[in-house]
Structures are given as C-alpha cells and as structure tokens.
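Bear in mind that the values in this text are calculations on the coordinates, not laboratory data. Source: prediction; values computed, not measured. Please note: Cβ atoms are built from the backbone with ideal geometry, for glycine as well, and neighbour counts cover all protein chains shown.
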Amino acid sequence: MKDVVRMGGILGIVTIIAAGVLGAVANVTKPRIEEQHRLALERALLAALPTADPRAIVPVKDENGNILYYKGYADPDTTKLVGYAFLAIGKGYSSDIQTMVGVDTTGKIIGIKILSELETPGLGAKIEEIRHGEKRPWFQAQFIGKTKKDLLVDKDGGPIVSVTGATISSRAVTNSIRKGLERLEKLIGGFKQPAQQPAA
Amino acid sequence: MGLSLSLRKTFKGGVHPPENKELTEHKPIEVLPPPSTVVIPVQQHIGAPSEPVVKAGDSVKIGDRLTEPTGFVSVPVHATVSGTVKAIEARPHPLGTEVLSIVIEADGEDAWSDAVQDDPNYESLSADEMRQRIRDAGLAGMGGAAFPTHVKLSPPPNKPIDTFILNGAECEPYLTADHRLMLEHAEEIVLGMKLILQILQPKQAFIGIEDNKMDAVEVMKKAVKQVGVDAKVVALPVKYPQGAEKQLIKALTGREVPRGGLPMDVGCLVQNVGTARAIYHAVAKRRPLVERVVTVTGRGVKEQKNLLVRIGTPFSHALDYCGGVTEDAVKLIMGGPMMGIAQFNPEVPVIKGTSGILVLTEREARLREPGVCIRCGRCIEACPMGLMPTVLHSLVNNKRFDEAKEYGVLDCIECGSCAFVCPAKLPLVHSMKWGKMELGRRMKKAG
Amino acid sequence: MEQRMWKVSASPHLNDKESISKIMWLVAASLAPAGIGAVYFFGAHAAWVIFWAVVAAVGTEAAIQKLMGKPVTVSDGSAFVTGLLLAYNMPAESPFWLPIIGSIFAIGLGKQIFGGLGYNPMNPALLGRAFLLASWPTHMTIFKTAPHGGTISGIDVETGATPLNLLKLSQDVLRQVKINPAEVPAQKVAEATEHISKLYDAYGNLFWGKVGGCLGETSVFLLLLGAAFLLYKRYIDLRIPVSYIGTVALLTWMFGGTDGLFTGNPLFHVLAGGLILGAFFMATDMVTSPITPKGQWAFGIGCGVITVVIRLIGGYPEGVSYSILLMNLTVPLLDRWAKPTIFGGAAKK
Amino acid sequence: MSVVGEFTKGIYKENPVFKQALGLCPTLAVSNSVQNAVGMGVAMTFVLVMSNIIVSLIRGFVPKKIRIPIYIVVIATFVTIVDLSMAGFAPALHKALGIFVPLIVVNCIILGRAEAFAGRNTVVRSLMDGLGMGLGFTLALLVLATFRETLGNGTFYGLPVHWKGFEPMLIMILPPGAFLTIGLVLGTMNWWDRRRA
C-alpha cells in the first residue's frame, strides 16, 4: 500500500512538472500559432480578392458568430465593394479540401486559394501543383473568370479540366465551389447582372 | 470407345506411360540354360531372413533346402542348380547393400532333389497342409513386393476374406513376363488359383487383366472354364498403376483399402499370376520356387526375350544370352521402369521378385537434370493415392517429417506416377522413400 | 561382360516428354495469335512494345542470374512469357521505356528476388503492370490509338477510354441523376444513355477486337484460340477460367446495372477488358495459382468477386490484374484448405 | 565503449531504422520528400536527446514498476513542445508532417532508447546516444527521401533535378514506394555487410 502511494506520488510529481513546462511553452507559442493561422487566412483572402484592400476585407457573421462570408472593399473606408470571399469545403479522396474563393459582385470568380488538403501526393495533391515556369497552380487558375454555370469538371461535361487520375479531388473542389457560390448567392440576395448586359 | 471407357470402373489418378510391351509380348518364354555359378541370397522376401543349413563343400541338388526360416514371416530358399556349395558370404543384392548369400557351383548335371515329387492326391489336402507346402516351397509374392505367400494366405479370423483377386494386370511398361505366363501356362495358373480359393473360401473371385492383353483374357477365360473355377475374368482399362493392390481392388470391387490398412481390411486378397502358378507347383508337385519368368528387355538389350531363369542367376548371364547390351545403354534396372531398382553391378542375382531385367538406352531413359517445381499440379492429378507429391517433396526436403506424415507420406505406394509426369523432373519418389524411411526410424526409436 | 558405368537413380526410370521449357514456349506460342492481332489492330507500335518488354524481361533475368552466380536459365522461356504478358497489359502507344522498366521490375522484384522461377508468390507480369500503373497512371490508362478496322461507333477512342471505362463513367452519370437530379445536365444524361446502349450492342467489336484497350486484351477471339490450344495440351484446365468468368458474369448480372438487381449486362463484362486474357493466361499461371483442384475453384471465384468489386465499386474501371494479384497471395492458404482426400479416407486408428 | 563511440554507433552500426528496424512507421510515412525528412529528423533528434537526458537524470529515483509511464510522460512533454513550436514557427513544415509529429510519442526509437540505454547510463552517454540515434534516424530518412523524391517527383529539397522529358515515377512517393525503397536499401546493406564479414 505504501508502495502504491509512493509510486503514485512520484508519477504525480513528474506529471505536474511536465504540465508546468507545457503550460509555459504553450503560453509562448499560442500567440505565434494564432498569428500563423491569421496570416494563412489573410493570405488566402488576399489571393481570393486580389482587387480588395488588405485592410478592408470584413467577415460577415451569423447570429452565432460563425463567419458566413467576407466582403472585400477597394478602399479602407469600406465604401467600394469589389466582391465576396467564402470558404468552400469539399470531401476529397482522403481529406476535406478547403478552398478560399473570391467572386466579384456579378458572381464571377476572381481569385482562389486552397487552404488545406491532404490528398494523395502525385495524384490528388496535384490540385496544388505549380507547373514549371508558372506562378499559380494550373488547376486553380482555370477557375478564374468562371461563373456558377461553368463549374463542372470535364468528366461531368463541364469546362474544368480535371487532374489526371484524380477525378474525385477535382470534382470535390469544383462542386464545393459551385455549392458555396449558390449559398452565397442566397445569402446576399443575388448577384448583380454583369455590366455588359444591363438589367432588363 | 471413349464413352465405354469412362463408364468402366477405375481408380482416381494414374498415368499412361509408353508401354513398350511390343518388344517382348510376342516372344515365347525361352529356357535360359543355368549359369555355372548361382548366388542365392538368404533373404529375398519381406520379413526375417532365413538361416543357412548347409555349409561350404556340401553338395546339393535342385530343390534342396538351403536355409531354414527364422520366424512366421519368413521363408526358406532352395538350391536352383545341382552342384557344390562354394561359399556362404555377403554378396551384392539387387535391393542394394550386401546380403549373406549361398554360392553354388553347378556340376552341369542339373539333377533334381528326390523330395520333389508329384502328389496326385494334392486336392484332398487340408488348408493348413497346403499352407505348409507353400511355405516349404519358399514362396514369396512374385509381383515384386515378395511378401511371404503363406502369411498372406493366413488371414486372421476377424478379417474374413470374401473376395479373391488374381492380378494379371501387369501395368508396368516393358514387362511381359506375366502376359506370356498367362498365354503359355493358363491352366497351371488357374489350378493354382483353385487351390487358393480352396484355402480361403471367398464369396467371389476375379482375374484382373489390362485390356492391352486381350489374348490373355481369352486364354484365361477358357482356362477358367476348363478347370472349373468360379471366377470372373475382367478386362481393365490400361492405366498405370492398375496392378497396384489397392488400385486393383478399387477398380474391381469399388472398395477402398483404408489408410494404413491392408487389403484384408476390406475383405480382399490379391495374388500375382506367377505366384498362383508357383502355388500349384508347390502343392501339387512339391516343387520349391527355383525359377521364374523374367522379361529381359529395353532397347539397351540386343535381343529382348522372355526367359525362364533360375533364381540366383547373375543378371549378366541373362543379358549375355540376349546378345549383350548396346553401346548406348546407360541404365540397368531390376523390375519395370516405373518401380524397378537401378543396378550398379550387373553381377547381382535374379531373386524371387525379379520380374524383369531392363536395360535402357540414353534416349529411353531421358536422363535430365532436375529443375524447380513450377507448381503445375500434374503430380497431384497423377497420384493414385490422392496425395500432393510436390508438397511432400518440399516438406521432406526441409526435414519437416511430421508435417509430411500429416500430408500422407506414409500412404505413398511409390508407383512413380508423380515423378513420371513431373515436367521439372524432380526426384519425387526418392523424397517419398526418404520421408517414409525417416519416419520409420523415428517410430522404431519411439518404440 | 565389359566394365561399364551404369547410371543409378531412384525410380521411376521413365519420364514424360513434358518439360518446363516446353510448357513455357508453348504458352508463348498460344499467346502469339493475340500478339499478331495486336499488331494488326494497333500498328507497328504494338510490335515495338512487345519487343522491348520481351527483350528487357529476358535480359534482366539473364543479368540477375549472372550477377548472382546462378545458372542462366532464360532458355526455359518463362521470362519470355512474362515479358509477353506484360506487353499485352499495356497500351499500344506506350513509350519504349515503359515496357522496359516494367519488365525489369517484373523480373527483378517480381520473380528473381524471391529465388526465380517457381518461388515467386505473385504473377510477375501483373506485378510489373501494377508497378507501372502506380508510377505512370497517365501512360497506362490513356488509349489514343484507334484499332484498325473500326471502333464502337468511334466513341471509345474519341474519348480516349476503354469500353469498361466508358461504361463506368456513363453509369456514374446515371447513378448521380438518381441521387441528385439537379446536379447533372440533361444533355449529359442523354449522352451517357446513348453510350451505354452503343456499348451493349457492340459484342461483335468486343469479340473480334475492334475496341480500344491494352494491346493484348482486345480480341476475345484470338485469345480463345490460344486458350483452346492450351486446354488441348492440358497445360491449363477449365477450373480457374470457368469459375472466374462465371463469377464475374453472375455478379455483374446481379449488380452491374443502374436500375436495380439483375439489370447488368454480364456478356459485356465478360467480353470487355482483360477478363479473357486474365482468366485463361494469367490466373492460370502455374506458379502462382493453387495446385489443388478445390483450391483452383476457390481461386477463380475469389478472382471473380474481387474483379467485380473493383469494376463496380472501386476507383478503377478494370479489376482483373489486382484481383489476380490479391488472390495470388491467398494461394498457400487455399492449398492448405483444399488438400485432396487421400485414398482410403481417414487414417486408421 | 567510448563516449564518442556511443555517438557514432547510431549512424551505421546500430542505425535505429536500418539495423534495429525501429520507428519504421514514421520512416515510411515522411520519407517522401527531403524537406519532410530533415524536419522530422530534427524534431526526432531533439525529442530523443532531451528525453534521454531527462530519463538518465531521473533514473536514480524512478521506481522500476512505473518507469514506462514516466518515460512516456517525459517523451510526450517534449513532443508537445516540438509540436507547438513547429506550429508557431514553421507552419509549412508542421502542415507537411501532419499527424507524425504528435506520433513521435509512440515512436519506438525514443521509448526503446530510454528503456534500453538512458535508463541505465550516465547523462553524458545518454546525450551522446540520443544524438547518434537521432542523427542515424535523420540519415536513414534522408537516404530514403533522396531516392523517393528524386525518382518520384523529379526534385531534391523541392528543387527540380531531372532531364527534359523525365516523367516522375509516382509510385516512389506513394506508400508502396516507401516499402520498395526501404526493402532494397536493407537488402543492399545486408549484402554489403555480408561481403565485408
């Protein structure tokens, strides 16, 4: 019995020390980690809304505080709305693929950035492949300028060229973006008609 | 033909080696003049060796008893020429190693012992008296296994024999000794069979002959009618090993001898045609087993013949009589090509179980280096015992004897079908023999 | 009698004329019609793929055996057959290095590393194919060459797909319509329906070989010609092919349709893809299939089940190679399970 | 064995991956690129050295019966430190290594060295052992990753190293490629050792 108490005590002491150390480390790294997350999000938002002022991208939240989408303005005073950004999540082959997508006020995609994916290297992961000599991932670049009706992969009869051997990943990205766009459209009550075709 | 063949009773597995019987099947049995010296091993049967009762210098006549059996499962040997006992010493034996043998120098008179006399009243002898005469004649199965005949004819009372089978299948390729014997001595064979039936009193009797010997089937049918024996002559499809006891019983009666059992476990008893004739000689003429028909054949012999040979005659003597061997002869075998035993020394003597002397040329023997198993499964299809030879082969060669036993290595009848069909030319039978030997040794050790 | 060295060996002293090399070369010969057909259908490029695969297979075997100080046994024909089968499992327009690397892998890591002929647990040619498929999926799954003599109304090559691939895509569309009609454009549905009906009418193309696909798998007729020869020579028997093809037919009939049970097209599934090639020439590979008759039945059924699962549920349109490879691994177990009954039944106590 | 010997043994003679066949799971998982290999190697070495030191320090008063839980607590502490620091200071690497950083906890190399070495040796020796083993692990990862990344992706440390027309051998950066590579490397090493012996 005495033995058990002694051993328990030692174990307790070791655990307490470990907990203390970890607490200290967490204290130091927590702001850094949050900063990293924030930076990643910011980078994604900037990529999604390239025409917006970095300081003027504001989240739109629902009553529970969940972010629904972002509004991007061209000036720090948030008067000139250039577009919206939203996070699209699609079920890929081996992970949830999170994509930050930006559209202009007419619903045309103006920027896209995949935030996280854990697809098969060499196959599904090619949705982030940057071809030699290019700056942006070729798969994602296809989406620029597309509207809702174009968001179908080639296998489903659409214009988006899927990654060879990775239809599932390609489809996941494409469909999640289309659905996100539809949701956004509902939330904001419809996009503006494109300028070239004035409303009837 | 195809339909009738498939409807006929047979056993599972088996192979169709080239028969090569045409070399000798039309050659009548010739009497081989006795050699100047015969070598008679004291053990030519399965069981305890017999003990010499003569000594060097004794003079003997044909049929004089040379040894006394040392137990129930043991038979004596007899002089096969008249002459003088020159030596009693170890001599090469066709089953390998050296065995104590009685060497007799022939005096050329070829005189028979006085004890060899016809007995006109032999049919009234009791079963026991017949068995005694059979034993005194030194009879051991002449099909090859050489099990003492009187033992086989004494089934225990709890294992009644209801079926007797006379084995004239002669499924070994090349060999025609039994075939010729049936053609030329059908009556004596059937008379011998009659005696066996008298001893055993079975309910039914068959004579099984492969249908490549239809002439023998006819002759035997006639002889059966003439002698007045209640036996059915059955022509069996040609398939090796049709003549193996268990396969023959299966083909004729549909019964399967249980694993590790004997034919008497299913009420059957099988005897070779040569043995039947020798039984007739032993009982009716009190004539011991001193000679037998041997097929001297193979393309390595200049003239293939069927010979009546005295026991103890060196192989070389018989071969010389057949014109010697050819230049390209590479293999000398006692018995048939499937189960026979390769000989190193042509001076070994003919023994009671010698059904053939086979000399193969290089082309016939097709000697090839063994390759590796490609798991083609042909051996499994060929095995008449339902074993997996290639599995046993690797188990034995990895010394996993207990597993080999589980996989049935002890059930192997060493018929050679597996090794015959093996495209890799693996020495499968050799492995089986090794496995059986090793397991036997272990069992002995364990007591 | 003169002194002579008699050769002594264990019985039997006769043996069959069959030998490993005879078997292997005749298997190669039985594959010849399909090879000639491939050259006819796909042109000279197919001949080059076959040539490079065979040369690399034989060369690798010889080189490894030489390096390991073992006797060189390429003349037994087994490496030749491996090269041939690998080539038959590749698109006709493969670049020359693809069959070479595939053969090197097949022989080196599929066969010699295990000890050479007789010791490889899996079919080396299929292992080579699996390796290539994992390494260069684009090269292994894109079929650009239209077979000489026509295709299934042009649709299979126009889209660069094999009939099975096309079927899978079209059926995917039809299934998706059922789940979520709004997501699929009507024109797409019409196209899928048309493709399926065209495919199901194309038995003639599938049988004679006028379809896209791996170079050796397209002509059922030519493959059966070779298979008939092997059956006649008794180098293969019907247990594995019958149970394999039968299982595929049954399961695709039951589950292969989009309108519920028993609406599939079993004949299409049997004729399309590599099933005939696989069932007669690769699943029957002696070294890697069971040796026991009962085991062979089970092996064929297992191959069939896995093939259908891959074709209907899995990510690939075709499942023959993987099903055979997977079943290869079960062979020791199957053989242990399927021990034949020993003559005389249970051991006497 | 000399103190230096304690260090060098981990590099080849007692290489944790190739000779002791420990920690194969992370080895197979993260050796698909050189960058991952270096990151994992550094993280592992840090945890190994620190846990070896601590285990060696406290070996005097740790009761035998509860040594394993205590080792685990020690190891887990350092792994969490690494995980948090990496997330804070090297987010890209943290993302790439994914689940394998937290899984260092159950990496048998660390527990194995704590149990087999640090628990019965002095602090200095344990430190050297941890360094050697960590270096050995890193080297093993590097060897595998070099093969896999160059063949499977045509790059080395993310930089393209291939001729024109080279088509990467995808299988090499997929899990089967890891098994193939480690098998071939092990085979070559055994062959080499046998030849020298």
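Figures for the structure shown
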{"item": "In order through region B:355-368: 3J(HN,Hα) via Karplus (6.51 cos²θ - 1.76 cosθ + 1.60), integer Hz, x for Gly, Pro", "result": "8, x, 10, 10, 10, 9, 7, 3, 5, 5, 6, 6, 5, 9"}
{"item": "Fewest-first ranking of B:Val99, B:Val39, using other Cβ atoms within 10 Å as the exposure measure", "result": "B:Val99, B:Val39"}
{"item": "Share, in percent, of DSSP beta bridges within the protein assembly as shown that are antiparallel, nearest 5", "result": "75"}
{"item": "Computed E for B:Arg400/C:Arg175 - FRET, C-beta separation, R0 51 angstrom, nearest 0.05", "result": "0.45"}
{"item": "Region B:13-130: proportion of alpha-carbon pairs further apart than 21 angstrom, %", "result": "55"}
{"item": "Region B:145-200-region B:273-349 distance, computed between alpha-carbon centres (Å)", "result": "20"}
{"item": "Sequence-distant residues sharing a close amide H with B:Lys285 (under 5 Å, placed H)", "result": "B:Asp119"}
{"item": "Fraction in percent of alpha-carbon pairs per bin - 5 Å, region C:199-349", "result": "2, 10, 17, 20, 19, 14, 8, 4, 2, 2, 1, 0, 0"}
{"item": "Where labels lie 7 Å past Cα in the beta-carbon direction, separation of C:Phe262 and A:Val21 in nm", "result": "7.0"}
{"item": "Charge dipole magnitude, Cβ of K and R +1, D and E -1 - region C:21-140, Cα centre, debye nearest 20", "result": "220"}
{"item": "Residues D:Arg196, A:Arg38 arranged by fewest to most Cβ contacts within 10 Å", "result": "D:Arg196, A:Arg38"}
{"item": "Kirkwood-based Rg to Rh ratio, region B:301-372, C-alpha trace", "result": "0.99"}
{"item": "Isolated Cys residues of chain B, judged by Cβ distance under 4.7 Å to other cysteines", "result": "B:Cys171, B:Cys268, B:Cys322, B:Cys373, B:Cys376, B:Cys383, B:Cys412, B:Cys415, B:Cys422"}
{"item": "Alpha-carbon spread of chain B, three principal axes, descending order, Å", "result": "62, 50, 49"}
{"item": "Gain upon complete extension [A:Arg38, A:Asn66; 0.36 nm per residue less C-alpha separation]", "result": "8.5 nm"}
{"item": "Cα-Cα P(r), region B:338-407, percent of pairs per 10 Å interval", "result": "15, 31, 31, 23, 0"}
{"item": "Per-selection Rg to Rh, chain C - Cα, Kirkwood hydrodynamic radius", "result": "1.04"}
{"item": "For region A:46-188, convex hull of alpha carbons as volume per residue, Å³", "result": "112"}
{"item": "Nearest 10 degrees, 0 to 90: helix A:167-188 Cα axis against chain A principal axis", "result": "80"}
{"item": "Virtual spin-label span in nm between C:Val55 and A:Ile13, 7 Å along Cα→Cβ", "result": "7.6"}
{"item": "For region A:81-176, with +1 on Lys and Arg beta carbons and -1 on Asp and Glu, the positive-most of A:Thr167, A:Gly90, A:Thr105 along the dipole", "result": "A:Thr105"}
{"item": "Region C:194-264: Cα Rg divided by the 2.2 N^0.38 Å rule of thumb", "result": "1.33"}
{"item": "Order of B:Cys322, B:Cys412, B:Cys268, B:Cys379 - criterion: other Cβ atoms within 10 Å of each residue's Cβ, fewest first", "result": "B:Cys322, B:Cys412, B:Cys268, B:Cys379"}
{"item": "Solvent-free Debye scattering, log10 I(q)/I(0), computed from the Cα coordinates of region C:1-139 at q = 0.13, 0.19 Å⁻¹", "result": "-0.59, -1.06"}
{"item": "For region B:378-446, fraction of C-alpha pairs farther apart than 21 Å, in %", "result": "16"}
{"item": "Rounded to whole Å, sorted largest first: equivalent-ellipsoid semi-axes of region A:57-101, Cα gyration tensor", "result": "26, 14, 6"}
{"item": "Over 28 Å between alpha carbons, listed pairs B:Lys21/B:Lys203; A:Lys192/C:Lys178; B:Lys246/B:Lys285; B:Lys405/C:Lys66; B:Lys12/C:Lys111; A:Lys135/D:Lys164", "result": "B:Lys21/B:Lys203; A:Lys192/C:Lys178; B:Lys246/B:Lys285; B:Lys405/C:Lys66; B:Lys12/C:Lys111"}
{"item": "Relative contact order of chain B, defined on C-alpha pairs under 8 angstrom at six or more residues apart (%)", "result": "19"}
{"item": "At 0.890 mPa s and 25 °C, Stokes diffusion of region D:71-197 via Kirkwood alpha-carbon radius, µm² per second", "result": "143"}
{"item": "Restraint check, B:Lys9/B:Lys352; B:Lys152/B:Lys222; B:Lys436/C:Lys7; B:Lys159/B:Lys444; A:Lys126/A:Lys149; B:Lys152/B:Lys239, Cα-Cα greater than 30 Å", "result": "B:Lys9/B:Lys352"}
{"item": "Kirkwood Rh (inverse of mean 1/r, distinct Cα pairs), region D:59-123, angstrom", "result": "12.9"}
{"item": "FRET E, pair A:Ser94, D:Phe166, Förster distance 30 Å, beta-carbon r, rounded to 0.05", "result": "0.65"}
{"item": "Mean separation of Cα contacts under 8 Å, 6 or more apart, over the residue count of chain A: relative contact order %", "result": "15"}
{"item": "Nearest-20 debye value, the protein assembly as shown charge dipole, Cβ charges on Lys, Arg, Asp, Glu", "result": "2980"}
{"item": "Residues in region D:117-133 that a label on D:Met189 would reach, taking backbone N under 17 Å of a point 7 Å out along Cα→Cβ", "result": "D:130-133"}
{"item": "Coordinate range along principal axes, alpha carbons of region C:96-250, Å, largest first", "result": "57, 37, 33"}
{"item": "Alpha carbon centroid spacing (whole Å) that separates region C:210-260 from region B:106-131", "result": "72"}
{"item": "FRET E, pair A:Thr79, A:Asp154, Förster distance 45 Å, beta-carbon r, rounded to 0.05", "result": "0.65"}
{"item": "√(5λ) per eigenvalue of the Cα gyration tensor, the protein assembly as shown, largest first, Å", "result": "81, 38, 25"}
{"item": "Shielding by partners, peptide C:134-140 (average Cβ within 10 angstrom, other chains)", "result": "6"}
{"item": "Contact order normalised by residue count of chain C, Cα under 8 Å, 6+ apart, percent", "result": "16"}
{"item": "Separation of alpha-carbon centers, region C:73-114 and region A:140-154, rounded to whole Å", "result": "42"}
